[in-house]
Each structure stands twice: as structure tokens, then as C-alpha cells.
Amino acid sequence: MSRNETVTADRVARQLAGDVNPLATHLANRYVGPAPLPPVAIVTATPRKLKWFELEQILKPVRELEDTSSLTRIWEHESGPVATLVHGVGGPSADRLLITAMMQGVRTFIRIGTCGLLEPGATIGTVVVAEEATSDDTTFQWYLDALERDGRPVRNKPFAAASTEYVDTAVNALPAELEQGRVVRGRAFSTSLIFREGPETAVHYRELGCAAADMEAGTVLASAQWYRLPAVALLVGRDHITEGGFHTDERERFAEGVQAIRTALDALIPVAQAAAARVASER
Ligand SMILES: O=P(O)(O)O[C@H]1O[C@H](CO)[C@@H](O)[C@H]1O
Ligand SMILES: O=c1cc[nH]c(=O)[nH]1
């Protein structure tokens with residue numbers, strides 16, 4: 001059996017074949033490159049941010065797939081191969097990437113990125129390990145409704161959950177110097193309306209119990225739950241939504257958060273390799 005046939009034969013491939021339209025098949029190569037992609041993918045919104053994370057400190061570059069919308073790069077971690085994929089900004093863009101990446105063999109997603117902080121007085125560079133996320137966008141709502149119709153609703157509506165194993169691994173790996181409130185295991189709100197945020201939206205997010213706002217974690221976690229894949233989002237606080245203050249004011253703090261996420265990733269990738277292999281073995 002060729003590797004490509006293996007990708008198309010598993011449980012996730014069958015679910016995808018039953019619920020996405022032929023356009024996704026038509027576009028998969030262009031978006032993410034040909035199958036098989038590594039089963040573990042690290043995803044973020046923009047190539048510029050991906051550079052900030054300096055993943056070459058923990059991964060060995062192998063090759064770049066030419067001319068893909070997600071600028072797919074293949075890397076080698078000591079635990080196995082990893083892809084980095086740029087999912088674009090917002091839930092719909094992330095959803096396009098997630099689906100096509102799954103079609104090409106990805107079986108787990110680790111989103112890394114930046115977020116706005118909601119807790120008054122939180123330090124720029126605070127790391128939020130999103131164990132749950134919700135969103136105001138249509139892709140997130142589609143997954144929430146689909147899960148409901150399928151008889152497996154999210155446990156804490158309207159929040160989709162991350163893999164507990166990933167959250168525990170990431171939190172335990174975060175360097176000790178980031179303790180004292182700079183590591184938050186909590187909820188994220190993913191918005192389509194970043195430039196409409198202000199004190200009132202922040203109150204709303206906080207009332208929902210959120211510590212951070214980004215634009216994609218909700219869709220990443222909800223999509224993963226729909227396809228029964230493990231996923232998590234590791235976010236570093238880049239600005240304050242209510243008080244002003246940006247990473248450009250506190251570069252060192254921000255850099256510490258970025259470095260902490262890299263440390264967490266290094267511990268998380270082997271766990272993700274094992275989890276993705278389990279998913280890929282499901283028939
Ligand atoms: O750091 P990234 O992944 O770009 O994520 C955050 O930054 C962008 C907004 O400027 C959105 O994509 C948001 O989710
Ligand atoms: O990245 C984001 C998303 C929403 N709000 C923010 O402040 N930052």
C-alpha cells in the first residue's frame with residue numbers, strides 16, 4: 001500500500017470524504033501541498049509571526065513545499081517529522097487550512113500565536129495555554145452546531161476544548177521563570193472583529209471567563225473536536241485590550257513569552273507524535 005493510500009484509508013479521511021465538497025479536494029495541493037504531510041502540524045496566522053518563534057532552535061529544517069498558500073515547511077524534530085503551516089487570519093481562513101491539511105495527512109494541530117490580554121495588570125508576554133476557546137465567527141458556529149446535531153455537543157457550551165494531555169504537557173514544560181501569573185491555563189475568545197474590540201467587548205469576554213483574545217483558536221479547537229483530533233493553542237500576550245500597552249513597549253517580556261512557548265513546543269511535539277499516530281491508526 002502506498003503512503004498516500006494510507007492517508008485516504010483512515011477514520012479521519014473517511015469523515016472528510018463524507019462532509020467536505022469536491023472543491024476542498026481540488027484545492028488541497030495548492031493550499032498545503034501534496035500528501036502525505038507529516039501527521040503533526042504547528043500552525044500560525046502569518047509568516048512574519050512564524051519567524052518570531054524561531055523554530056529552528058528546536059526543529060531542523062528539511063524542505064519548503066513550493067507555491068503553497070500556507071507556505072508549508074517540513075521540519076524534523078528529534079521525535080519525528082513536523083509541518084509548519086500558515087493558516088491566515090481569522091476562523092474561515094484557518095478552517096480552509098485545517099481541512100486541506102487533514103486531507104493531506106495532518107492528524108493533530110498545535111496553534112501558536114499572539115493574543116490580546118484581558119486580565120487587568122497582566123504582563124505582556126504572558127503565555128495563555130488555551131484549554132478552551134469560543135468564537136464569534138461562522139466557522140466556529142458551524143462546528144458547534146454540527147457537534148450538537150451529531151449528539152456530541154461541546155462540554156462547556158459555547159467553548160470547544162483542547163486536548164487535556166497537550167494542555168498538561170505544555171503547562172508542565174513552561175519554564176519556572178514564567179510562573180507568578182505569567183502562565184495562564186485558561187479560556188480564549190477568538191474574534192472576527194479585532195478592530196471593534198474595546199472596554200465593552202473585553203467585559204463580555206471576561207464575563208465568559210476568557211483570559212485572552214485571538215482570532216483562530218476557537219475554530220482550531222472546534223474543528224479538531226469535530227474530527228476527533230487532539231489540538232491546543234499556545235498564545236503569547238501581545239497587547240492589552242483595555243489598558244493600552246503593546247509588545248513593542250515591553251519587548252523583553254514578550255520575547256520571554258515566545259521563548260517559553262518554544263520550550264513548551266519541544267516537550268509537546270513528542271506527545272503530539274504519539275497522539276497523531278493513534279488517530280491515524282483508527283479505522
Ligand atoms: O499571532 P497570530 O497567529 O497572527 O494571531 C493573532 O494575531 C492576529 C491579529 O493581529 C490574529 O491572527 C490573531 O489570532
Ligand atoms: O490577536 C488579537 C486578537 C484579538 N484581540 C487582540 O487584541 N489581539
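The values are calculated or read from the model by the stated rules, or taken from the named source; none is laboratory data. Note that the structure is predicted; figures quoted are calculated from it, not measured. All Cβ positions, glycine included, derive from the backbone under ideal geometry; neighbour counts span all protein chains shown. Keep in mind that these areas ignore ligands, DNA and RNA; they rest on the heavy atoms of the full protein, side chains included. Shrake-Rupley method; radii C 1.70, N 1.55, O 1.52, S 1.80 Å.
Number of residues in region 96-112 that are assigned to a loop (DSSP other than H, G, I, E, B) and either within 14 Å of ligand 1 (Cβ to nearest atom) or at positive phi (or both): the value is 1.
Against the definition (closer than 23 Å to ILE261 by Cα, among the hydrophobic types (A, V, I, L, M, F, W, C) and within 16 Å of ligand 2 (Cβ to nearest atom)), how does VAL106 come out, yes or no? Before the answer, list the steps.
Values: closer than 23 Å to ILE261 by Cα: yes; among the hydrophobic types (A, V, I, L, M, F, W, C): yes; within 16 Å of ligand 2 (Cβ to nearest atom): no.
Against the criterion (closer than 23 Å to ILE261 by Cα, among the hydrophobic types (A, V, I, L, M, F, W, C) and within 16 Å of ligand 2 (Cβ to nearest atom)), VAL106 does not qualify.
Strands (runs of 3 or more DSSP E) fully within region 1-88 that include at least 1 residues being away from ligand 2 (no atom under 16 Å from the Cβ) and in contact (Cβ under 8 Å) with a residue 24 or more places away in the chain: 40-44, 73-77, 80-86. When every residue of region 165-175 is checked against the conditions, at least one turns out to be over 18 Å from the mean Cα position of the chain (by Cα) and either under 19 Å from ILE124 (Cα atoms) or within 16 Å of ligand 2 (Cβ to nearest atom) (or both). Within region 268-283, residues that are over 13 Å from LEU229 (Cβ atoms) and modelled with pLDDT of 95 or more have Cβ atoms under 7 Å from residues that are crowded, with 18+ Cβ neighbours inside 10 Å and among the polar types (S, T, N, Q) in these pairs: LEU268/THR169; VAL271/THR169, counting only partners at least 6 apart in sequence or on another chain. Does GLY198 count as small (Gly, Ala, Ser), more than 13 Å from ligand 2 (Cβ to nearest atom), open to solvent by less than 50 Å² (accessible area, probe 1.4 Å) and over 18 Å from the mean Cα position of the chain (by Cα)? Against the criterion (small (Gly, Ala, Ser), more than 13 Å from ligand 2 (Cβ to nearest atom), open to solvent by less than 50 Å² (accessible area, probe 1.4 Å) and over 18 Å from the mean Cα position of the chain (by Cα)), GLY198 does not qualify.
Checking the conditions here, which among VAL32, VAL82 is farther than 17 Å from VAL232 by Cα, modelled with pLDDT of 95 or more and open to solvent by less than 10 Å² (accessible area, probe 1.4 Å)? So that I can check it myself, show each step before the final result.
Details: VAL82 fails: farther than 17 Å from VAL232 by Cα.
Going through VAL32, VAL82 in turn, the sole match is VAL32.
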